[in-house]
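Here the structure comes first, spelled out in structure tokens, and everything after it is commentary.
The values are calculated or read from the model by the stated rules, or taken from the named source; none is laboratory data. None of the values given here were measured: they were computed from a predicted structure. Here Cβ is always computed from backbone atoms with ideal geometry, including for glycine, and neighbour counts include all displayed protein chains. These accessible areas exclude ligands, DNA and RNA; they are computed on the full protein's heavy atoms, side chains included. Shrake-Rupley method; radii C 1.70, N 1.55, O 1.52, S 1.80 Å.
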Amino acid sequence: MNVIANSYSIYSTLDHLRREGKKIGVVPTMGALHEGHLSLVRRAKSECDVAVATIFVNPSQFGPNEDFQRYPRTLEADLAMLHAAGCDFVFTPAVETIYPEGYSTYIEPPEVANRLEGAFRPGHFRGVATIVLKLFMLIPAQVAYFGRKDYQQVVVISTMVRDLAVPIRIEACETIRETDGLAMSSRNRYLSASDRKRALGLSRALQRAQKMVDAGCTNVSELESAMREVLVSAPVDSIDYAIVVDTETLQSIESIKHAAVALIAVHVGKTRLIDNQTLVRRA
Ligand code: AMP
């Protein structure tokens, strides 16, 4: 496994491989890796000739009062895990490599970025769209793998790629969970033992919604009330949103026709957690 921090080196090495006919898959991450990230790397490895992971804690996607400074940085352990997962290249740029002195170009993300996460984290998707597009410029991959765990992020990136005709395919991959249902996240390591128990409210609320749909409920306000009830009794400390919306536009709907997505963002202790589940009406 090659670890490369220099942007010219990563581009020229991968460009060379691509010209040789190799299929390249990229997995952008912020490090502090867990099984969720590794599942993306394994998928890239199984579908491509060359699997590339990137590790970069992107300052432009964090708000001024968010956790950029204290975001976990565990490079040595990350590299060992990537090596074991069969990753071929890791791009680990410094902040100055991505945003050199005088940097001032940012992507205006698509409309769908204004809702939900975009409303609670102003500027977040502008930072995400900017770093992702820059990584796509530096890493000439044919396929990029993202987790559905960040559902809105996948929608924003897929829309950007479509709108700007970026020549890359976006693959959305399943959320990997702990055995008790908690979605894996780098931020889970902020949770105390009691926070960790309360955090189970998210997956339980989503399971409750799917069970109600299985039992024939299609009424979105009933589903949302039920999710809130589970979250309040967990108890989480505050709810940013717990809603059921259209799977593509993320716009409000009144009832579920075929499928919808339930999206949750809450605070537990000092940690903000998100999770989601696609709700499918089975015949
Ligand atoms: P992050 O390091 O949080 O920026 O995440 C990097 C990539 O890993 C993103 O595409 C995430 O959606 C994905 N990811 C994070 N957690 C999980 C998970 N539990 N299961 C699957 N993918 C995940």
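One table, with the values for the structure above:
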item: Members of the range 179-192 that are open to solvent by 20 Å² or more (accessible area, probe 1.4 Å) and in contact with an Asp or Glu (Cβ under 9 Å, 6 or more places away or on another chain); result: MET184, SER185, ARG187, ASN188, TYR190
item: Some residue of the range 53-60 being over 26 Å from MET1 (Cβ atoms) and out of contact with any Phe, Trp or Tyr (no Cβ under 6 Å at 6 or more places or on another chain); result: yes
item: Single match in ALA209, ALA283, ALA215 (criterion: open to solvent by less than 60 Å² (accessible area, probe 1.4 Å) and hydrophobic (A, V, I, L, M, F, W, C)); result: ALA209
item: Residues being without any contact (Cβ under 8 Å) to a residue 12 or more places away in the chain and more than 18 Å from the chain's Cα centre (by Cα) - total across the range 168-192; result: 1
item: Out of ASP150, ASP163, ASP195, sole residue that is away from the ligand (no atom under 14 Å from the Cβ), buried (at least 17 other Cβ atoms within 10 Å of the Cβ) and touching a residue at least 40 places away in the same chain (Cβ under 8 Å); result: ASP195
item: Residue in the range 72-94 that is open to solvent by 70 Å² or more (accessible area, probe 1.4 Å), outside the structural domain of ALA242 (by TED's automatic domain parsing) and in contact (Cβ under 8 Å) with a residue 60 or more places away in the chain present; result: yes
item: Residue, farthest from VAL230 (Cα to Cα), within the range 198-215, restricted to residues that are away from the ligand (no atom under 16 Å from the Cβ) and touching a helix residue (DSSP H, G or I) at 6+ places or on another chain (Cβ under 8 Å); result: VAL213
item: Some residue of the range 31-48 being β-branched (Val, Ile, Thr), assigned by TED's automatic domain parsing to the domain that holds LEU135 and touching a Leu at 6+ places or on another chain (Cβ under 9 Å); result: yes
item: Any hit, the range 105-121, residues being open to solvent by 20 Å² or more (accessible area, probe 1.4 Å), out of contact with any Pro (no Cβ under 8 Å at 6 or more places or on another chain) and closer than 30 Å to GLY21 by Cβ; result: no
